[in-house]
1. Under 14 Å from the Cβ of Thr85, count the other residues' Cβ atoms, weight Lys and Arg +1, Asp and Glu -1, and hand me the total.
2. Once you have the alpha carbon radius of gyration of region 158-228, what is it after dividing by 2.2 N^0.38 Å, with N set to its residue count?
3. Any idea what the dipole of region 158-228 comes to, in debye rounded to 20, about its Cα centre with Lys/Arg Cβ at +1 and Asp/Glu Cβ at -1?
4. Which of the peptides 179-187, 59-67 is most tightly packed, and how do the rest follow, judged by the mean count of other Cβ atoms within 10 Å per residue?
5. Amide H of Ile215: which non-local residues (sequence gap of 5 or more, or other chain) have their own amide H closer than 5 Å, using H built in the peptide plane?
6. Quick check: net charge around Ile185, other residues with Cβ under 11 Å of its Cβ, Lys/Arg +1 and Asp/Glu -1?
Amino acid sequence: MEDEEKTLSALDNTIQAAESSFKEFIEVLETSRTALLTLESDKVELSSEKEKLEKEKMLLEQEKNSLESEKQQLEIDKKKLEEETKKLELEKQEKDQKIGSMTEEQMKLLDEYQNVKVELSKFMKVAEEAENAEYNFERVRALLSIYSVLVSEIWSGQAHYRILLTLHGDKEVMTRDELKTTLGIGGAFVLHSVQELAKVGLVEYDMDTHSVKLIERLFPKKALEEKK
């Protein structure tokens, strides 16, 4: 009887110990399960963060590429601007040279006009004196020969001379188109010559009506008339 009780007591102790161990196992299992779920949640969150970081990385790469492209374009634009600047500087230098050349040419023409005026004045003075007194025919003939050569060989081919000669004729006022048609000279040459004649005070040019008026007569109109 005593042995039987001992056996039952031992079984009870074993069962209680097993129950206690099972409870502990269940608790450990539940703790592990909770930890696993937490890990899974953390894994999902980390994966989401990773995707977000990847997207941000891609955006940063795109921004970087865009900035690189803009930088390259700016470099290209800079080179173009430098080339355009050099081109404009060269054009400016060429224009300055042309302006300098034109100024020199105009000064030469001005000197020529002044010389012509002086010589013509001398000639007119000689002609006036000839009307009232005796004079050296040989000297006049020599002067006329020189003037004839100058007029026929040098001045007659210049637009300035031809315009002046025309305005000394029947009409002292003519339009630019009339001069162009009468003389058969290009419009640009007529305008250029008229402007230069206006600068030295020989003609007056109206830019609105394009009319050219002789304001300083160098010799009387009858001097051009052919003697019969």
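1. 0
2. Values: Rg = 11.8 Å, N = 71, 2.2 N^0.38 = 11.1 Å.
Rounded to two decimals, the normalised Rg is 1.06.
3. Dipole about the Cα centre, nearest 20: 320 debye.
4. Details: 179-187: 14.4, 59-67: 10.0.
With the highest mean Cβ count within 10 Å placed first, the list reads 179-187, 59-67.
5. Val203, Glu204
6. Numbers: positive: Arg162, Arg176, Lys180; negative: none.
In short, +3.
FYI, it's all coordinate maths here, none of it is from the lab. Treat the numbers as computed from the prediction; the structure is a model and nothing was measured. FYI the Cβ positions are ideal-geometry reconstructions off the backbone, even for glycines, and counts take in every protein chain you see.
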